[in-house]
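The next block holds one structure in the form of structure tokens; read it before the comments.
A short reminder: the numbers here are calculations on the coordinates, not readings from a lab. None of these values were measured; they are calculated from a predicted model. So basically every Cβ, Gly included, is an ideal-geometry build from the backbone, and we count neighbours across all protein chains shown.
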Amino acid sequence: MSDIAVVGSLNIDLVIRAPHCPGKGETLIGGAFGMAGGGKGSNQALAAARLSATSHIIGCVGSDDFGRKLKSVLTENGVDCSQLRTMNKAPTGTAVITVTDDGGNSVIISQGANSLLDENAMTKAENIFESSDAALFQMESPAKTVIKGLKLSRRHGCRTFLSAEPPFSLPPDSWNDIDYLILNERALSFYAGRRNHKSVSEMAQEILKRGVKCLVVTQSAKGGMIFCKGGDDFAFDSFNIRSVDNTGARDAFCAGFCVGLCEGMPLKIAARFGSACGALACTKIGAHPSMPWRHQVSALLGEAHGDDYEL
């Protein structure tokens, strides 16, 4: 069993269906409304636990009903919340999400208590980093906190995973603290600078030269590509599913990919495992409700391979 520390955001998502995302000044009559747990850190910690990992969440919520609800859901699913701080100075983070009829979405986040996750919290979580196989970060937390957490987890021998969304600038020495950088093509362009129409491969090589060990570029329904130092680059496929809501799909992929590698899966198999997790997350509305369970991932992989594909 893998042991994973997740550092990141926790939100309550307010989700409404709509035919399309409204334009400036446009009012739409939407469809169904729902409220569910979310936030990239919360999603990834929940997904890791459902995939049979020992999962820890390091983050902040407010001292309100939303915060209590998030902690309850995570605890019920086996996530260790000993490093989840309750803050009186800010409410729990909230995201307003529009889900369009084609399964796409647009998101506006009010950070709330997530903005209070500071460098001191990383120091207090050192015992978690020391005992974990991997530390998984996202970028909905303050930049200084993410940078400090990456450095501390690397110091304690953790594999480090950074889901670079939404991207922010990193100091030169932080790149060496990242084993696996997971991003989409927009974030890749942000970091590499798409000058002279550079290809995905060319931009990826620029990032690897900075010190990152392995770069994963997700491409939604197209699957993705992986580039590693000293290794062969390769593409991985997506799964043919009917997308209902892709909120949290990249989080499910990140958790699955991380769990797979920590369990000793070869890189290509871990990418396939993560891809199955991401696909399943698109089949339900809402982030927390769509984070897949291990048996569901095994069933999808078995269906795709025509046999009992147990992982």
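Computed over the stretch 157-311, the convex hull of the alpha-carbon atoms projects to a mean area of 9.7 nm².
Fewest-first ordering of Ser199, Ser243 by other beta carbons within 10 Å of each residue's beta carbon gives Ser199, Ser243.
The distance linking the stretch 8-56 with the stretch 162-192 is 23 Å (Cα centroid to Cα centroid, whole angstrom). Taking the stretch 174-279 as the region of interest, the number of lysine pairs whose Cα atoms are within less than 19 Å, with members eight or more places apart or on different chains, is 6.
List the aspartates and glutamates whose Cα lies under 12 Å from the Cα of Lys284, skipping any in the same chain that are fewer than 8 positions away. Here the aspartates and glutamates satisfying the reach criterion relative to Lys284 are Asp245.
Packing, taken as the mean count of other beta carbons within 10 Å per residue, orders the peptides 269-275, 142-148 from highest to lowest as 269-275, 142-148.
If the chain linking Ile241 and Thr100 were pulled fully straight, counting 0.36 nm for each residue of separation and taking away their Cα-Cα distance, it would gain 49.1 nm. Candidate values (1) 18.3, 53; (2) 17.8, 50; (3) 19.7, 58 were compared with Rg and Dmax of the Cα atoms in Å computed on the shown model; the agreeing label is (1).
Among 229-239, 26-36, sorting by the average number of other beta carbon atoms lying within 10 angstrom of each residue, highest first, gives 229-239, 26-36. Over the stretch 115-215, the ratio between the Cα radius of gyration and 2.2 N^0.38 Å evaluates to 1.09.
Protection proxy ranking, highest mean first, for peptides 101-109, 176-184: 176-184, 101-109, where packing is the per-residue count of other beta-carbon atoms within 10 Å, averaged.
Taking label positions 7 Å along the Cα-Cβ direction at both Lys69 and Thr86, the computed distance is 1.7 nm, reported to one decimal. The residues Asp173, Asp133, when put in order of fewest to most other Cβ atoms within 10 Å, stand as Asp173, Asp133. Lysine pairs in the stretch 14-158 whose alpha-carbon atoms fall under 28 angstrom of each other, counting only those eight or more residues apart or on distinct chains, come to 23. Dipole check for the stretch 32-90: with +1 at the C-beta of Lys and Arg, -1 at the C-beta of Asp and Glu, and the Cα centre as origin, the magnitude is about 120 Debye. On full extension, the segment bounded by Ile16 and Trp293 gains 97.2 nm, given 0.36 nm per residue less the C-alpha separation.
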